[in-house]
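K.L.:
This structure is in structure tokens; I'll ask about it shortly.
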Amino acid sequence: MTFTVTHSARFAVATTLDDLAVDLDGSLVRPGEPGWDEARCAWHLDVDQHPAAVAQVRTARDVVAVVNAARQCQLRVAAQSTGHNAAPLGDLAGTVLVRTGLMRDVEIDPVTRVARVQAGAWWMDVTNAAAEHGLAALAGSSPDVGVAGYTLGGGLSWLARSHGLAANSVLALEVVTADGVHRRVDAQHDPDLFWALRGGGGSFGVMTALELQLFPISEVYAGVLFFPAERATEVLQAWRAWLPTVPDTVTSVGRILKFPPLPDLPPHLAGRSFVVVEAACQLEPGTADQLLAPLRDLGPELDTFRPTPVTELSQLHMDPPGPVPGVGDGMLLHGLDAGLIEAFVAVSETTGPALLSMELRQLGGAIHRGSPTGGAVAALDADVALFAVGITPTPEITAAVHAAITAVRYRMAPWSKGRSYLNFAEERKSGDALFGPEIHARLREIKSTYDPADLIRANQPVTPAGR
Ligand SMILES: Cc1cc2nc3c(=O)[nH]c(=O)nc-3n(C[C@H](O)[C@H](O)[C@H](O)COP(=O)(O)OP(=O)(O)OC[C@H]3O[C@@H](n4cnc5c(N)ncnc54)[C@H](O)[C@@H]3O)c2cc1C
């Protein structure tokens, strides 16, 4: 498996967007042109993106052309795969938005257990291709999340407590840096850049492909226990007590869900609120059943645990099946004590129906131990990752969701690590909050080496040192 890497632009650099439009194998769409609204639309439907142009790239050569032309035209460049985390990008005036949706090829090498993935691939593209060989990737909870943004930001999968963050399973990346050079980046080539790209986000170049380590897992024992929301304190306290008893081969979520009365939802869920425990166990069914017994003894209303092909893990978290308007945000919490659960349930009650989901994702295990060679974000040092999200169909509901998220942040502050996990940050955070001061400072040095003029923009930007 090899990358095709162009080490410099071998064609004339476009000096206007008109020239660029002619140069591309894909297409350049500008305001008012046919397809403009479709081209600028993010997965988060309420993020109204107005870039200078959208480049729908088809090849790495296209990406080189866009980066070089943007530099000539004194524009900036922002890469976007699906737009699952578009909100923090902010105002895109003066920016060419590079959309990678035409680049979704995936190749699996079953012998080396490596996936070569183009930058626009969704997780389902990888999980389905890998499963044909009995292999699994460290995929996100949702089938249509982009591999690119998820992996550059860390990547918490259902296998995370045994296998660590997805960024740590990256073997190589192909990236176009601000100078228009298309590089293969790995432990031997541009090692600083390789380090930065694994967890530091999208500030360092436009990625065109990456190589991921796969793992020989084809089936897990997974499911959800549903209880009425009125039992939230009892169930989440039991979940909290259960966590220290589970091995790293179990990754779980404790969660309060408030389903709106939508006709698309199954009748047993629509309009109802639940407290749920979701888990994926890399264990034999009998062993998993024994482990789950204390939670099942609580008498769930619905128990969906069963042997589950890894491809079906994308359904476990019940994420929306397609683009929605929504607002969310997360925080990392430590000290998972009874008070944390009490506060979590209390704020869920006071915020009413505004938040569709408030979750506590179990960390620890390999996520905590990290990997010394794993990259900029090699570990998450917290007990749980909180994420709260609401659907925002109207301005009034949007305001209510923002207020509810503020209330969650305030109520949970006593347990906050003062740090955020990049992928669960849907508002702009400081680099120190995302990475910690030392790693942030090193990321800024690397940014100043590869992009001193700050041409490449990310949703959570790292600015060059000295700027
Ligand atoms: C429904 C849902 C489920 C989720 N589940 C999980 C989960 O289980 N675990 C988890 O860790 N996270 C999860 N997330 C968060 C998700 O990982 C982030 O939103 C992530 O940024 C999405 O990546 P994307 O490429 O789809 O998004 P985009 O919005 O397209 O990209 C986000 C950022 O990634 C960078 N980027 C994207 N493509 C490139 C590229 N080619 N080159 C350089 N930079 C690039 C850019 O900085 C961009 O602003 C979930 C989010 C949602 C909405």
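K.L.:
Let me test this: with uniform point scatterers at the alpha carbons of region 17-99, what is the Debye-based log₁₀ I(q)/I(0) at q = 0.14, 0.22, 0.24 1/Å?
P.N.:
Those come out to -0.40, -1.02, -1.20, one per q.
K.L.:
Assuming R0 = 22 Å, can you tell me the calculated FRET efficiency for the pair D289 and E312, based on Cβ-Cβ distance, to the nearest 0.05?
P.N.:
Details: r = 19 Å, r/R0 = 0.86.
So the FRET efficiency works out to roughly 0.70.
K.L.:
Further, regarding this structure: Can you give the angle from 0 to 90° between the axis of helix 437-450 and the longest principal axis of the chain, with both taken from C-alpha atoms, to the nearest 10?
P.N.:
Approximately 20 degrees, to the nearest 10.
K.L.:
Report the local net charge at F435: Lys and Arg +1, Asp and Glu -1, summed over other residues whose C-beta lies under 11 Å from its C-beta. Present the calculation step by step, with values, prior to reporting the outcome.
P.N.:
Values: positive: R419, K429, R442, R444; negative: D432, E438.
Combined, the nearby Lys, Arg, Asp and Glu give +2.
K.L.:
Separate question: Over all Cα pairs of the chain, how is the pair count split among 10 Å bins, expressed in % and running from 0 up to the last occupied bin?
P.N.:
For the chain, the pair-distance distribution reads 4, 21, 31, 26, 13, 4, 0.
K.L.:
Let me ask something additional. Of the options Q74, V54, W43, report the single residue whose Cα projects farthest towards the positive end of the charge dipole of region 23-80 (beta-carbon charges: Lys, Arg +1; Asp, Glu -1).
P.N.:
Q74
K.L.:
Over region 61-132, with the other protein chains present, what is the accessible area per residue in square angstrom, probe 1.4 angstrom? Mind showing how you got there, number by number?
P.N.:
Details: 2630 Å² over 72 residues.
In whole numbers, region 61-132 has 37 Å² accessible per residue.
K.L.:
Place +1 on the Cβ of every Lys and Arg and -1 on the Cβ of every Asp and Glu in the chain, take the dipole about the Cα centre, and give the residue among P300, V250, V98 whose Cα lies farthest towards its positive end.
P.N.:
Farthest along the dipole direction, towards plus: V98.
K.L.:
Still on this model: For region 17-99, what is the percent of antiparallel DSSP beta bridges, rounded to the nearest 5?
P.N.:
Details: 3 of 12 bridges.
Antiparallel: roughly 25 percent of the beta bridges in region 17-99.
K.L.:
Can you list the lysines whose alpha carbon is less than 16 Å from that of K429, not counting same-chain residues fewer than 8 positions off?
P.N.:
Of all the lysines, those that pass the test against K429 - Cα under 16 Å, at least 8 places apart if same chain - are K417.
K.L.:
Taking 0.36 nm per intervening residue step and subtracting the Cα-Cα distance, what contour gain separates Q74 from S416 on full extension? Spell out each step's value before the answer.
P.N.:
Details: separation 342, 0.36 × 342 = 123.12 nm, distance 4.05 nm.
Stretched fully, the Q74-S416 segment lengthens by 119.1 nm.
K.L.:
Pull out the extension gain between E234 and A12, defined as 0.36 nm times the separation in residues minus the alpha carbon to alpha carbon distance; nm, one decimal.
P.N.:
73.3 nm
K.L.:
What ³J(HN,Hα) values, in whole Hz, does the Karplus curve 6.51 cos²θ - 1.76 cosθ + 1.60 give for region 176-189 when θ = phi - 60°, with x put for Gly and Pro?
P.N.:
9, 8, 4, 7, x, 8, 9, 10, 8, 10, 8, 4, 9, 10
K.L.:
Cut-off under 19 Å on the C-alpha distance; same-chain residues fewer than 8 positions from K447 excluded. Which aspartates and glutamates are left, in chain and number order?
P.N.:
Straight-line reach from K447, under 19 Å: E174, D179, D186, D190, D192, D432, E438.
K.L.:
Mind ranking 82-89, 164-171 by how tightly packed they are, going by the mean number of other C-beta atoms within 10 angstrom, highest first? Working shown, then result.
P.N.:
Numbers: 82-89: 23.0, 164-171: 25.5.
By packing density, highest mean first, the sequence is 164-171, 82-89.
K.L.:
Can I ask one more? Rounded to the nearest 500, what is the chain's calculated 222 nm mean residue ellipticity when only DSSP H runs of at least 4 contribute -39500 (n - 2.57) each, over all residues? Intermediate values should be presented prior to the final figure.
P.N.:
Numbers: 15 runs with 132 residues, N = 467.
Result for the chain, helices only: -8000 deg cm²/dmol.
K.L.:
Moving to a separate point now. Using a cut-off of 16 Å between alpha-carbon atoms, which aspartates and glutamates can reach K258, once sequence neighbours fewer than 8 places away in the same chain are excluded?
P.N.:
The qualifying aspartates and glutamates are E230, E278, E301, D319, E349, E359.
K.L.:
Now a separate question. For the chain, give the share of DSSP beta bridges that are antiparallel, in percent and rounded to the nearest 5; count only bridges with both residues there. Can you show the working numbers first?
P.N.:
Numbers: 67 of 79 bridges.
Once the DSSP bridges in the chain are tallied, antiparallel ones form about 85 percent.
K.L.:
What ranking, highest mean first, results for peptides 34-44, 251-261 when packing means the other Cβ atoms within 10 Å averaged over each residue?
P.N.:
251-261, 34-44
K.L.:
State, to one decimal in nm, how far the label point of E301 lies from the label point of A399, with both points 7 Å from Cα in the Cβ direction.
P.N.:
The modelled label-to-label distance comes out at 3.2 nm.
K.L.:
In degrees from 0 to 90, rounded to the nearest 10, what is the angle of the helix 232-242 Cα long axis to the longest principal axis of the chain?
P.N.:
Computed tilt is about 80 degrees.
K.L.:
Moving on. What residues have an amide H closer than 5 Å to that of Y421, excluding those fewer than 5 places away on the same chain, when H is modeled at 1.01 Å from N in the peptide plane?
P.N.:
Hits under the 5 Å cutoff: L332.
K.L.:
Continuing with this model, one more query. Net charge near P143, counting Lys/Arg +1 and Asp/Glu -1 over other residues with Cβ under 14 Å of its Cβ? Please report the intermediate quantities before stating the final value.
P.N.:
On the way: positive: R104; negative: D125, D144, E312, D319.
Taking every Cβ under 14 Å from that of P143, the sum is -3.
K.L.:
Excluding V275 itself, what net charge comes from residues whose Cβ is under 9 Å from its Cβ, given Lys and Arg +1 and Asp and Glu -1?
P.N.:
On the way: positive: R231, R255; negative: E230, E234.
It works out to a net charge of 0.
K.L.:
With +1 on each Lys and Arg Cβ and -1 on each Asp and Glu Cβ, how big is the dipole of the chain about its Cα centre, in debye rounded to the nearest 20? Each step should come with its number before you reach the end.
P.N.:
Numbers: 35 positive and 51 negative charges, 174 e Å.
Once rounded to the nearest 20, the dipole reads 840 debye.
K.L.:
Share of antiparallel DSSP beta bridges in region 12-160, in percent to the nearest 5? All intermediate terms of the calculation are to be shown ahead of the outcome.
P.N.:
On the way: 8 of 17 bridges.
Given both bridge residues lie in region 12-160, the antiparallel proportion sits at roughly 45 percent.
K.L.:
Tell me, what is the per residue accessible area of region 219-424 in Å², probe radius 1.4 Å? All intermediate terms of the calculation are to be shown ahead of the outcome.
P.N.:
Numbers: 8380 Å² over 206 residues.
On a per-residue basis, 41 Å².
K.L.:
Cα-Cα pairs above 31 Å in region 219-424: how many percent? If you can, show how the numbers build up before the last one.
P.N.:
Details: 3541 of 21115 pairs.
More than 31 Å apart: 17 percent of the Cα pairs in region 219-424.
The values are calculated or read from the model by the stated rules, or taken from the named source; none is laboratory data. Note that the structure is a prediction, hence the values are computed from the model and not measured. Because the Cβ atoms are built from the backbone with ideal geometry, glycine has one as well, and the counts that use them run over all protein chains shown. Side chains are part of the model used for accessible areas, which takes the heavy atoms of the whole protein and leaves out ligands, DNA and RNA. Shrake-Rupley method; radii C 1.70, N 1.55, O 1.52, S 1.80 Å.
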